[in-house]
Amino acid sequence: MNALADDITLREDQMRLGLWMFLATVTMLFAAFTSAYIVRRSGSDWRHVALPPILWLNTLVLGASSVTLEIASRAGLERRWRAAGGGFAAALVLGFGFLAGQIGAWRQMVAEGVYLPSSPHSSFFYMMTGAHALHVVAALAVLLWSAAATWSAGRDVRAWDAQVGLCRTFWHYLGGVWVFLFALVSLY
Amino acid sequence: MSTHVLGGPPRSPHNVGPAPVEHEPGFIRRYVFSTDHKIIGIQYILTGLVMAIAGAALATLIRLQLGWPEHHWLWLSRLLPVGMPSGVMTPEFYLAVVTMHGTIMVFFFVSFVLVSGFGNYLVPLQVGARDMAFPFLNMLSYWIALLSAVTMLASFLVEGGAAAAGWTAYPPLSAVAAAVPGSQMGQTIWLLSMALFIASFTMSGLNIVATVFSVRAPGLSMMRLPLTVWSYFIASILGLLAFPPLTAAAVMLLLDRHFGTSFFLPSGLIIANKVLPNTGGSPLLWQHLFWFLGHPEVYVLILPALGIACDILPAFTRKPVFGYRISVWCLVAVGCLSMIVWGHHMFVSGMSPFSGEYFSLVTLTITVPMTIFGVNMLASLWGAKLQLTTAMLFSLGVIALFGSGGLGGLFLGNATADMQLHDTYFVVGHFHMMIGGVTLLATFGAIYFWFPKMFGRMMNETLGKLHFWFTFAPFFLIFFMQHFLGLQGAPRRYYAFTAFDYLQKTRGQNLVISIAAMVLISGQFLFLVNFVWSLFRGHRAAANPWHATTLEWTVASPPPHGNFDAVPVVQRWAYEYGVQTIDGDFAVQTVPSVSA
């Protein structure tokens with residue numbers, strides 16, 4: 001019995017370690033984009049394009065999804081499963097909302113004649129937000145996986161908490177990356 | 001909340017309790033879509049060896065061209081009607097051949113066989129685990145790797161042929177389809193194949209780090225790990241951190257190629273008599289991003305080679321490796337320093353002299369831990385009665401090439417000298433000795449040493465020793481001479497030197513190099529014959545035929561599914577030679593010490 005518990009704990013540790021290593025590679029990816037942005041920024045043809053205001057709303061939506069995920073997680077630990085399930089549903093809706101908002105932002109820019117090759121700034125904007133959105137799609141799959149575990153019957157709280165922990169780390173991390181990227185393309 | 005501290009007291013999920021009783025998997029699950037690290041390791045090794053044949057065929061074409069630049073190889077013109085229409089290679093085809101030779105050898109031979117292949121096979125066994133931390137991810141990694149290899153080979157078949165911008169894929173050559181035939185679809189496929197390779201390599205590296213951290217056998221502290229495991233551990237961390245910038249660069253290059261962006265393409269670029277519409281991009285940006293990966297990548301390849309040589313040596317000197325702890329810290333130091341030296345590949349790019357000084361300084365600094373490591377290897381031989389088995393010969397070859405090739409690095413790491421030597425055959429000679437030769441010899445050493453464990457049979461020693469001499473001697477000759485070609489100013493990537501008066505006197509040297517290359521490549525048939533023959537007819541191997549000390553030698557040859565019948569409890573470090581036990585002059589890591 002102890003061996004089995006030991007096994008589960010180790011599996012959780014391994015998953016956590018694996019996730020952090022994966023996030024380290026993602027960090028290096030965005031660090032490379034950022035350093036390229038800074039280098040390319042010094043080019044004489046650099047021209048800042050106007051970014052659609054909906055990005056502010058998207059940022060709020062993503063932030064709200066992180067908050068609802070935290071609420072869901074705390075509710076689950078207190079075994080308030082209805083609240084936890086609701087929290088996950090809200091986080092999912094907001095997560096998909098963020099993605100839809102990003103698509104909306106791209107559509108607005110295209111409508112205004114700002115395309116991928118229009119300027120180095122727009123190239124970086126589309127590329128970096130696109131790369132971020134792809135990671136958000138993956139994170140939404142993880143969120144869905146945790147939500148399904150919350151909605152299903154017969155949960156083991158400790159295993160559930162470990163699974164949700166991975167999901168929270170990934171989701172909040174991508175929230176942080178978005179805030180950084182948004183600040184970069186807006187302010188620099 | 002978990003109380004387990006990663007990197008702390010080791011445990012294994014599969015090491016707890018007796019071996020799990022499983023029903024025998026079918027052939028497909030067992031040998032094709034297997035999650036067993038040993039099968040995956042062998043899959044990587046066999047795939048890598050097939051890719052090596054492709055890479056060697058390309059090397060043969062290169063040497064035929066450089067040794068006999070005006071000869072009409074009519075039989076080749078029938079095989080390669082586009083690249084060699086009259087039996088003489090076209091310059092464009094030569095570029096594609098050089099590019100693909102480098103790409104295949106670096107990413108699909110050495111990375112596959114030495115890093116992913118032996119990494120997969122050895123790490124779980126040597127840390128006393130039943131499998132990798134993430135077996136399914138491991139299987140996925142292999143199949144994505146295979147897809148990337150097939151994709152890369154397929155690029156020969158598309159219009160314009162394979163990529164031709166060098167294994168470093170410098171833009172603008174790699175970014176503009178009209179620049180060279182290989183920059184059409186071939187270059188796009190090259191980039192997509194590399195993206196798949198990086199995804200696969202990341203999964204593999206992540207698995208190795210997680211395995212070393214979390215599933216070591218009880219008693220196996222980090223400072224009891226064999227140097228092989230340490231080297232894979234450091235190399236995997238490097239791979240995880242260094243490859244993503246190449247992914248970023250590949251995305252930008254794809255956008256430049258197909259979607260009109262100007263990340264790497266400067267203003268006013270004229271190709272095929274047309275001014276390109278791009279503005280303001282920087283080809284040097286690619287070089288920075290590429291070499292941020294590229295330099296750590298050479299350590300990703302060479303560190304496992306050194307680790308493996310360090311594990312083979314004591315089995316045939318019958319004494320412990322010299323300076324184990326210092327060697328470990330040298331690996332760590334090299335790992336850290338390798339991330340900050342990339343600019344030494346770009347001394348001629350017009351960088352500020354201050355940057356040049358910095359990159360020279362840190363590059364020469366990295367030679368300190370590398371030299372200490374090399375001296376430790378040499379000192380491991382001191383006073384020993386050497387048993388010159390094939391595996392030992394290859395390990396000694398590793399030391400020889402590491403020493404001689406490393407010497408060239410001192411010149412190239414110095415910005416002033418590099419200005420002269422950049423893009424000459426001096427560079428080609430240097431990196432072939434290091435990431436070509438050290439890794440090749442270590443790969444062969446590893447195969448001869450662990451073949452009995454993998455397949456339960458011994459390889460033929462006579463053929464093996466012949467293979468060693470047919471490999472080491474021509475290899476050394478070829479790349480030692482190329483240093484001198486470089487000193488005479490012979491530039492790399494030129495398909496012929498016939499048009500240059502000052503290089504006329506090098507024709508004889510190129511001829512000797514080409515003949516040596518043919519000997520080298522012919523010598524590999526000895527290996528292929530030995531490998532296949534030994535698989536079926538080799539003498540049966542005992543569990544520990546070399547009387548070695550690490551954990552893989554405590555299990556049957558080949559090891560069963562799940563590796564260990566019972567949890568191995570480690571009592572000693574990995575190099576307990578020169579002691580008297582009932583087994584002989586060594587103690588495997590599980591033998592209790594007298595004081596215990």
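The values are calculated or read from the model by the stated rules, or taken from the named source; none is laboratory data. Model, not experiment: these values are computed from the prediction. Please note: Cβ atoms are built from the backbone with ideal geometry, for glycine as well, and neighbour counts cover all protein chains shown.
Some notes on this structure:
- B:Ala566, sole failed condition from (1) at pLDDT below 95; (2) farther than 29 Å from B:Phe134 by Cβ: (2)
- In region B:382-395, the residues that are buried (at least 18 other Cβ atoms within 10 Å of the Cβ) and either of a type in the set (Phe, Trp, Tyr) or more than 10 Å from B:Val438 (Cα to Cα) (or both): B:Thr389, B:Thr390, B:Ala391, B:Met392, B:Leu393, B:Phe394
- Answer residue from region A:43-71, given it is farther than 12 Å from B:Phe263 by Cα and among the small types (Gly, Ala, Ser) and is farthest from the other protein chains (Cβ to nearest Cβ) among those: A:Ala64
- Yes/no for A:Ala64 being within 16 Å of the chain's Cα centre (by Cα) and closer than 23 Å to A:Val26 by Cβ: yes
- B:Gly166 vs. criteria outside any helix (DSSP H, G or I), modelled with pLDDT under 95 and within 19 Å of the chain's Cα centre (by Cα): yes
- Count - residues of region A:8-42 that are closer than 26 Å to B:Ser267 by Cα and facing another protein chain (nearest Cβ under 7 Å): 5
- Test: residue in region A:39-48 that is buried (at least 17 other Cβ atoms within 10 Å of the Cβ) and more than 30 Å from B:Thr279 (Cβ to Cβ): no
- Cross-chain or 6+ apart pairs with Cβ under 8 Å, region B:389-408 first and farther than 12 Å from B:Thr371 by Cα and in contact (Cβ under 8 Å) with a residue 60 or more places away in the chain, then of a type in the set (Asp, Glu) and in a helix (DSSP H, G or I): B:Thr389/B:Glu461; B:Thr390/B:Glu461
- The set of residues in region B:99-137 being within 14 Å of chain A (Cβ to nearest Cβ) and within 15 Å of B:Tyr232 (Cβ to Cβ) consists of B:Pro124, B:Val127, B:Ala129, B:Met132, B:Ala133.
- Annotation: of all residues in region A:100-132 being assigned to a helix (DSSP H, G or I) and surrounded by fewer than 17 Cβ atoms within 10 Å (Cβ to Cβ), the one that is farthest from the other protein chains (Cβ to nearest Cβ) is A:Ala100.
- Selection status of B:Val298, under 30 Å from B:Ile399 (Cβ atoms) and either over 25 Å from the mean Cα position of the chain (by Cα) or of a type in the set (Val, Ile, Thr) (or both): yes
- Scanning region B:252-271 for residues that are facing another protein chain (nearest Cβ under 10 Å), surrounded by fewer than 24 Cβ atoms within 10 Å (Cβ to Cβ) and in a loop (DSSP other than H, G, I, E, B) turns up B:Phe259, B:Gly260, B:Pro266, B:Ser267.
- Unique match (being without any contact (Cβ under 8 Å) to a residue 12 or more places away in the chain and surrounded by fewer than 18 Cβ atoms within 10 Å (Cβ to Cβ)) among B:Gln488, B:Gln420: B:Gln420
- Taken together, B:Gly102, B:Gly128, B:Gly87 contain a single residue that is on the phi > 0 side of the Ramachandran plot and surrounded by fewer than 22 Cβ atoms within 10 Å (Cβ to Cβ), which is B:Gly87.
- Only one of the numbered conditions (1) part of a helix (DSSP H, G or I); (2) surrounded by 22 or more Cβ atoms within 10 Å (Cβ to Cβ); (3) facing another protein chain (nearest Cβ under 7 Å) is not met by B:Trp230, and that is (3).
- Residue in region B:137-152 that is without any contact (Cβ under 8 Å) to a residue 60 or more places away in the chain, surrounded by 24 or more Cβ atoms within 10 Å (Cβ to Cβ) and over 30 Å from B:Asn544 (Cα atoms) present: yes
- From the list B:Ser395, B:Ser355, B:Ser380, B:Ser404, the lone residue that is over 23 Å from B:Phe476 (Cβ atoms), in contact with a helix residue (DSSP H, G or I) (Cβ under 9 Å, 6 or more places away or on another chain) and of a type in the set (S, T, N, Q) is B:Ser355.
- Residue among B:Ala541, B:Ala516 that is surrounded by 16 or more Cβ atoms within 10 Å (Cβ to Cβ), in contact with a Lys or Arg (Cβ under 8 Å, 6 or more places away or on another chain) and at pLDDT 95 or above: B:Ala541
- Of all the criteria given as (1) modelled with pLDDT under 95; (2) not in a helix (DSSP H, G or I), the one not satisfied by B:Gly182 is (2).
- Hey, B:Arg318 at positive phi, at pLDDT 95 or above and more than 13 Å from chain A (Cβ to nearest Cβ) or not: yes
Rundown of residues vs (1) within 13 Å of chain A (Cβ to nearest Cβ); (2) free of Cβ contacts under 8 Å to residues at least 60 places away in the same chain; (3) buried (at least 23 other Cβ atoms within 10 Å of the Cβ), yes/no style:
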| position | (1), (2), (3) |
| --- | --- |
| B:Ala178 | no, no, no |
| B:Gln184 | no, yes, no |
| B:Ile189 | no, yes, no |
| B:Ser193 | no, yes, yes |
| B:Ile198 | yes, yes, no |
| B:Leu206 | yes, no, yes |
| B:Ser214 | yes, no, yes |
| B:Met222 | no, no, no |
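- In region A:97-146, the residues that are over 22 Å from B:Phe259 (Cα atoms), of a type in the set (A, V, I, L, M, F, W, C) and free of Cβ contacts under 8 Å to residues at least 40 places away in the same chain: A:Ala100, A:Val137, A:Ala138, A:Ala141, A:Val142, A:Trp145
- Filter result for B:Trp167 (away from chain A (no Cβ under 14 Å), surrounded by fewer than 24 Cβ atoms within 10 Å (Cβ to Cβ) and aromatic (Phe, Trp, Tyr)): yes
- Some residue of region B:88-96 being modelled with pLDDT under 90 and more than 14 Å from chain A (Cβ to nearest Cβ): no
- Qualifying residue in region B:299-307 (condition: surrounded by 23 or more Cβ atoms within 10 Å (Cβ to Cβ), facing chain A (nearest Cβ under 9 Å) and among the hydroxyl-bearing types (Ser, Thr, Tyr)): no
- Verdict on B:Tyr495 being under 27 Å from the mean Cα position of the chain (by Cα), part of a loop (DSSP other than H, G, I, E, B) and surrounded by fewer than 21 Cβ atoms within 10 Å (Cβ to Cβ): yes
- Looking across B:Leu153, B:Leu140, one residue alone is at pLDDT 95 or above, more than 24 Å from B:Leu306 (Cβ to Cβ) and within 14 Å of chain A (Cβ to nearest Cβ). It is B:Leu140.
To keep it simple, each residue is scored yes or no on (1) in a helix (DSSP H, G or I); (2) modelled with pLDDT of 95 or more.
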{"site": "A:Leu29", "(1), (2)": "yes, yes"}
{"site": "A:Phe33", "(1), (2)": "yes, yes"}
{"site": "A:Tyr37", "(1), (2)": "yes, yes"}
{"site": "A:Arg47", "(1), (2)": "no, no"}
{"site": "A:Leu51", "(1), (2)": "no, yes"}
{"site": "A:Trp56", "(1), (2)": "yes, yes"}
{"site": "A:Val61", "(1), (2)": "yes, yes"}
{"site": "A:Ala64", "(1), (2)": "yes, yes"}
{"site": "A:Thr68", "(1), (2)": "yes, yes"}
